[in-house]
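Worksheet: the structure to be examined is printed underneath.
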Amino acid sequence: MADEGNASNAQNVAGNPNQVVEAIANMRLPAFWKRSPTLWFNYAESTFVIHRVTANATKVHFVVSALDEEAVRNIGDLLNAAAFYSDIRTRLISAYEVPKALLFREIVKPGGLGDRRPSQLLRDMRNSMPPGIGEDALKEFWLQKLPSNVTAILVSLDASLDELAARADRILDVSNPQSVDVLSKGQFSELTDAVSMLTQQVKSLTQIVNSAEKPSRSRAPARSDAQQPGEMCFFHTRFGKKARSCRPPCSFKRES
């Protein structure tokens, strides 16, 4: 199998080597999807076709480069010079693929939509639906996950399940502007904080400018009409011994 892949890749290189090398150099695989390994390998194989990757060894290298440590440990015994892409694919799908019955049980258990739209929820339920579950049963499980106001509208409609899912998307878009409200409130809160901070900064700058513009004034000593100790009162100062009045404190009496 490896020889066939290498031979096919050699023919492509011989035909137009520059284009093939450039296509492979620009190719990238996303990180391995542990919750959807089969879908990941389907995506990887479509990428291989687009970039004309046919060699077994090249596929192995690209797959391994997209794995984390845990996934590499799961295929550690397969990683050698004779590693086959098909063996690695089978091992990883077997290790991480959740049985459809278990996955469907997780999806239909009580609970709301979460972060999914009704149409996305329907696709997830349909992809994980085990054998024996028809469209009518799937519809009942799906309706139970929707908000009551949406279910009340859908049950009266005569349409396919996919059409109902599209209608449910539109109903939620119109009747549930919660995400827009949260975004607006968050932006308004940030704007209010910014305005408050700028106001405080302007106030502080104004105080600094005003204080810098005021001339420095030396405070004159306060005048006091109070008589200092050791001095004579007004009457004794002016009339001496002839003074008929005295206003204490007055040193005249002590000198006398």
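In order along the range 60-66, the Karplus-derived 3J(HN,Hα) couplings, from 6.51 cos²θ - 1.76 cosθ + 1.60 at θ = phi - 60°, round to 4, 5, 5, 5, 4, 5, 9 Hz, and Gly and Pro are given as x.
For F234, the solvent-accessible surface with a 1.4 Å probe is about 120 Å², rounded to the nearest 10. Evaluating 6.51 cos²θ - 1.76 cosθ + 1.60 at θ = phi - 60° for every residue in the range 133-149, the Karplus couplings come out as 9, x, 5, 5, 5, 4, 4, 5, 4, 5, 4, 5, 8, 8, x, 4, 5 Hz, glycine and proline recorded as x.
Accessible surface comparison of L102, L113, probe 1.4 Å, protein chains only, largest first: the order is L102, L113. Segment K242..Q200, full-extension length gain: 8.0 nm, with 0.36 nm per residue of separation and the alpha-carbon distance subtracted.
The values are calculated or read from the model by the stated rules, or taken from the named source; none is laboratory data. Because the structure is a prediction, the values reported are computed rather than measured. Only protein heavy atoms, including side chains, enter the accessible area calculation; ligands, DNA and RNA are left aside. Shrake-Rupley method; radii C 1.70, N 1.55, O 1.52, S 1.80 Å.
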